[in-house]
Amino acid sequence: SRVNYAFPVVNGFAVQVTYTPALEFNSSTSNARQQSDQNSVHGEAIHVAVSYEGEMEGISYVAGIASITGNSITTAGVTTLTANNDLTVVTAGIKATMGNITLGLHGYDHGDSFGRVGQVNKASDAGYTMAMEYAMGSITVGAGYAHQEKVDGGASSNVKEDTISYFGIGYDIGGGVNTWVQLDNISHSDGDHATTEADPQLIMAGISLGF
């Protein structure tokens, strides 16, 4: 159960606050209720989100920022139960549209939320995504770039990195039929210089039918 309050929208700004007494459903594995306080999820949490939607100088904007904060619950499944770090997550995004051009940017930072107290190497997880789209009649062209850095924490200080850049073209044939093709360049590193990773390049294509 949770309590949510949405403030009235004023000049395009909207604010919502949510209080969750206990994050007792672990969606990462199943929706089974956690009966014990000694489990691998966090406890009570507060969600705060602010969004804006409006237009300035011929450019329409949709933007938002949100945070989740909460206390920790003891971690199960280890010989000595160890407290998790408190939950501190921030995410933000913005989309701007001007005529046929749309630009988007999104970023997040989990900090050390999913690590344990007292770790020599703090856990971390952060990343961002950039994308653009240009529509020319029946043809739509898009490109994007995303990057993530993550540290598991504990004994390992390795910074894992994943990067993807892509370029795609879509074509509206008409009659509810759309086709697209996309090229992805992917780069992965586990942070260990002694390891050699494969960086795949993918070409994908598809067709959709609307009725």
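Below 26 Å, Cα to Cα, which lysines can Lys160 reach? Residues fewer than 8 away in the same chain don't count.
Counting by Cα, and skipping residues close in sequence, Lys160 has these lysines nearby: Lys122, Lys150.
Can you tell me the relative contact order of the range 53-211? Whole percent, Cα pairs under 8 Å, sequence separation 6 or more.
Computed over the range 53-211, the figure is 13 percent.
Take every Cα pair under 8 Å in the range 118-159 that's 6+ residues apart, average their separations, divide by the length, and report that relative contact order as a whole percent.
After rounding, I find 50 percent.
If you bin every alpha carbon distance in the range 160-211 into 10 Å steps from zero, what whole percent lands in each bin?
All Cα pairs, binned at 10 Å, distribute as 22, 33, 23, 14, 7, 1 percent.
Can you list the aspartates and glutamates whose alpha carbon is less than 12 Å from that of Lys95, not counting same-chain residues fewer than 8 positions off?
Once the sequence-local aspartates and glutamates are set aside, what remains near Lys95 is Glu53, Glu55, Glu133.
Just check the range 84-139 against the gyration tensor rule for me: Cα atoms, a ≥ b ≥ c as the square roots of the eigenvalues, rounded for a/c under 1.5, and otherwise prolate or oblate depending on whether a/b exceeds b/c.
prolate
Amide H of Ser113 versus every other amide H placed in the peptide plane: which residues, excluding those fewer than 5 positions away on the same chain, fall under 5 Å?
For Ser113, the qualifying residues are Thr88.
We did not get these values from a lab; they are worked out from the coordinates using the rules stated. On a predicted model such as this, the values are computed, not experimentally measured, just so you know.
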